[in-house]
Amino acid sequence: MQNNQRLHLFTLEVSPLTVDKVYNPLPSHLTLMSRFWSELPPDELINMVGLLFEQNPPVELHFLESVDLGPKKTPVHLVEHTKELRELHTKLHTLLDAINVTYAYPQFNGDSHKPHVSKREGDAFRAGRRQMAAAVYLIEVDIKGEDQLRHVRAKFDLKG
């Protein structure tokens, strides 16, 4: 990507994150929108999506079985792709398409979005668990060699 583009993603809160903190890796979260490149600085992106999240109610997450997902066989907890989760993902996707972002992994968006929470040491998620996700985070990713630094740029409370 060009130098003026930034790499971002949006996550639904599973474990609370701290705005302005850098993580490597992120604590437990559900990726609402996989990584995308945008020329917009974080503050403009924040202004663009804020109303969407403010008008959306919290989303209940329904945990399913644990599996190994993707080519790297990453251990994850699957989450049911409920109507509410699908609608929030679709609305965000539509907003991002309107500003011509470039998705790093377009195969993980839209109908192919597979909600899951990557396993982290010490997590206690199991099939049948239900948890409310009441916040969305904007994450900026800074790739430094092998390190992928995830800067939490904003927290949006789902209010609906």
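Derivation of every value follows stated rules applied to the coordinates shown; laboratory data play no part. Treat the numbers as computed from the prediction; the structure is a model and nothing was measured. Please note: Cβ atoms are built from the backbone with ideal geometry, for glycine as well, and neighbour counts cover all protein chains shown.
Between segment 60-99 and segment 14-49, the C-alpha centres lie 15 angstrom from each other. The residue list ASN47, LEU88, HIS113 was ranked by how far each Cα lies along the charge dipole of the chain toward its positive end, using unit charges on Cβ atoms, and HIS113 comes out on top. Candidate cross-link partners of LYS155 among the lysines, defined by an alpha-carbon separation under 26 Å and a same-chain spacing of 8 or more, comprise LYS21, LYS83, LYS91, LYS114, LYS119, LYS144.
Extension gain, ALA127-ASP68: 0.36 nm per intervening residue step, less the Cα-Cα distance, totals 19.8 nm.
Put a plus charge on the Cβ of each Lys and Arg, a minus charge on the Cβ of each Asp and Glu, and nothing anywhere else: the dipole of the chain about its Cα centre is then about 360 debye. Taking each DSSP H run with n ≥ 4 as -39500 (n - 2.57) and averaging over every residue of the chain yields -6000 deg cm²/dmol at 222 nm. Modelled label positions at LEU52 and TRP37, each set 7 Å beyond Cα in the direction of Cβ, lie 2.0 nm from each other. Could you list the residues of segment 6-44 with an amide nitrogen less than 16 Å from a label point located 7 Å from the Cα of SER112 in the Cα-to-C-beta direction? Inside the label zone: 33-37. Kirkwood hydrodynamic radius computed over the chain comes to 16.0 Å, based on all pairs of distinct alpha carbons. For the peptides 40-52, 133-145, the ranking by mean Cβ contacts within 10 Å, running from highest to lowest, is 133-145, 40-52.
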